[in-house]
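Structure record follows, encoded as structure tokens.
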Amino acid sequence: MTFLELCQHLRREAGVSGVGPTAVTDQTGEYKRLVEWIKLAWLEIQQLRPDWRFMWASGAFNTVVGQADYTQGDLGVDADNFDLGSFVLTETNGKRTLRYLSYREWKLHYGAETLTNNVPTIVTDLPNESIRLTVPPDDVYPVTFDYYRAPQTLAANTDEPWLPDRYHWLIVYKAMMYYAGYEDAKEVLVDATMRWNPLFDALETTQLPKIGFGHTPLGDE
């Protein structure tokens, strides 16, 4: 469903009079609240967990000789968090997974050193949401990585949530809860909650990482 369709479904499910909204912009009064509640509901769902599968994406960049630090702009992403065990560097002899060190560990082991250019073997995440390679690259190396996207904000009529289609109704149900709180509509709250619970359980089952065994935690290689 599009942003506009979600708003229209919310109007119908909440029992709001009228036939709109016909757009998500330039609304006033109750229709404006419906639009804002859909927008807020989608943001809240995204922020419930940092590792939703529907928020996952992959990226790639080329290192710059002598440059150890890379902002999200350098990487071409808007990331909420990186999978810091996923950075893979390609060099002449093949590919290597960069070992992850926390920034605290990096400062302890390398913070006082003057590092010369070489093939990077380590990656760390900086407090400003950039990443750092150790050591600074001595050549241009392709690097691939995985990350979880920063939350999506719905803005235009045709914007579609990253959520799989079969779960789009969760956005409507969550927005119905906001409506119910505003209007003190207990019957709407009960209806929304009853419909939310089983669908959200299904979302967690399919859209959270699978539990595995024998995995080596990041940074413990």
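The values are calculated or read from the model by the stated rules, or taken from the named source; none is laboratory data. Everything quoted here is computed from the prediction, not taken from an experiment. Positions of Cβ are generated from backbone atoms using ideal geometry, with glycine treated the same way; all protein chains shown enter the neighbour counts.
The one condition from (1) surrounded by fewer than 16 Cβ atoms within 10 Å (Cβ to Cβ); (2) modelled with pLDDT of 95 or more; (3) under 17 Å from LEU48 (Cα atoms) that PRO209 does not meet is (2).
Quickly run through the range 80-116 and pick out the residues that are hydroxyl-bearing (Ser, Thr, Tyr), under 21 Å from GLY66 (Cα atoms) and surrounded by fewer than 18 Cβ atoms within 10 Å (Cβ to Cβ). Spell out the reasoning first.
We begin by selecting, within the range 80-116, every residue hydroxyl-bearing (Ser, Thr, Tyr); these are 86, 90, 92, 97, 100, 102-103, 110, 114, 116.
Still in the running and under 21 Å from GLY66 (Cα atoms): 90, 92, 97, 100, 103, 110, 114, 116.
Within the range 80-116, THR90, THR92, THR97, TYR103, TYR110, THR114, THR116 meet the criteria.
The lone criterion from (1) loosely packed, with under 15 Cβ neighbours inside 10 Å; (2) under 27 Å from PHE3 (Cβ atoms) left unmet by ASN128 is number (2). As a summary of the residue check, ALA150 satisfies the conditions (1) touching an Asp or Glu at 6+ places or on another chain (Cβ under 6 Å); (2) without any contact (Cβ under 8 Å) to a residue 24 or more places away in the chain; (3) of a type in the set (A, V, I, L, M) except for the one numbered (2).
Sort out for me the helices (runs of 4 or more DSSP H) sitting completely within the range 1-114 that have 1 or more residues that are of a type in the set (Ser, Thr, Tyr).
Values: elements: 3-14, 29-47, 72-75, 103-110.
So the answer is 29-47, 103-110.
Going by the structure shown, is VAL64 over 17 Å from ASP159 (Cβ atoms), more than 26 Å from the chain's Cα centre (by Cα) and β-branched (Val, Ile, Thr)? Taking the combined requirement at face value, the residue satisfies it.
With the structure loaded, tell me whether ALA60 is among the aliphatic types (A, V, I, L, M) and in contact with a Pro (Cβ under 8 Å, 6 or more places away or on another chain) or whether it fails that test.
Values: among the aliphatic types (A, V, I, L, M): yes; in contact with a Pro (Cβ under 8 Å, 6 or more places away or on another chain): yes.
Here the answer is yes, as ALA60 does meet what is asked.
Per-residue answers, yes or no, for (1) of a type in the set (Val, Ile, Thr); (2) at pLDDT 95 or above:
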residue: THR92; (1), (2): yes, no
residue: GLU113; (1), (2): no, no
residue: ASP138; (1), (2): no, yes
residue: TYR141; (1), (2): no, yes
residue: GLN152; (1), (2): no, yes
residue: THR158; (1), (2): yes, yes
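In the range 65-79, of all residues being of a type in the set (A, V, I, L, M, F, W, C) and surrounded by 14 or more Cβ atoms within 10 Å (Cβ to Cβ), the one that is farthest from VAL172 (Cα to Cα) corresponds to ALA68.
Restricted to the range 115-146, and to residues that are part of a loop (DSSP other than H, G, I, E, B) and among the acidic types (Asp, Glu), which residue is farthest from GLY59 (Cα to Cα)?
Step one: filter the range 115-146 for residues part of a loop (DSSP other than H, G, I, E, B), giving 115-117, 119-121, 126-130, 135-136, 138-141.
Then keep just the ones that are among the acidic types (Asp, Glu); that gives 129, 138-139.
On the way: GLU129: 15, ASP138: 22, ASP139: 20 Å.
Among those residues, the one meeting the criterion is ASP138.
Quick grid of which residues meet (1) within 26 Å of PHE145 (Cβ to Cβ); (2) in contact with a Lys or Arg (Cβ under 9 Å, 6 or more places away or on another chain); (3) aromatic (Phe, Trp, Tyr); (4) free of Cβ contacts under 8 Å to residues at least 40 places away in the same chain:
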{"site": "ARG12", "(1), (2), (3), (4)": "no, no, no, yes"}
{"site": "GLY15", "(1), (2), (3), (4)": "no, no, no, no"}
{"site": "PRO21", "(1), (2), (3), (4)": "no, yes, no, yes"}
{"site": "VAL24", "(1), (2), (3), (4)": "no, yes, no, no"}
{"site": "LYS32", "(1), (2), (3), (4)": "no, no, no, yes"}
{"site": "ALA41", "(1), (2), (3), (4)": "no, yes, no, no"}
{"site": "GLY66", "(1), (2), (3), (4)": "yes, no, no, no"}
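List every residue pair whose Cβ atoms sit under 7 Å apart, with the two residues 6 or more apart in sequence or on different chains, where the first one lies in the range 189-201 and is under 15 Å from LEU10 (Cβ atoms) and the second, anywhere, is of a type in the set (D, E, K, R). Correct list of pairs: TRP196/LYS174.
Being touching a strand residue (DSSP E or B) at 6+ places or on another chain (Cβ under 6 Å) and exposed (fewer than 15 other Cβ atoms within 10 Å of the Cβ), is that true of even one residue in the range 5-20? Steps first, please.
Restricting attention to the range 5-20, the residues satisfying the condition of being touching a strand residue (DSSP E or B) at 6+ places or on another chain (Cβ under 6 Å) are none.
So far as the range 5-20 goes, no, none of its residues is touching a strand residue (DSSP E or B) at 6+ places or on another chain (Cβ under 6 Å) and exposed (fewer than 15 other Cβ atoms within 10 Å of the Cβ).
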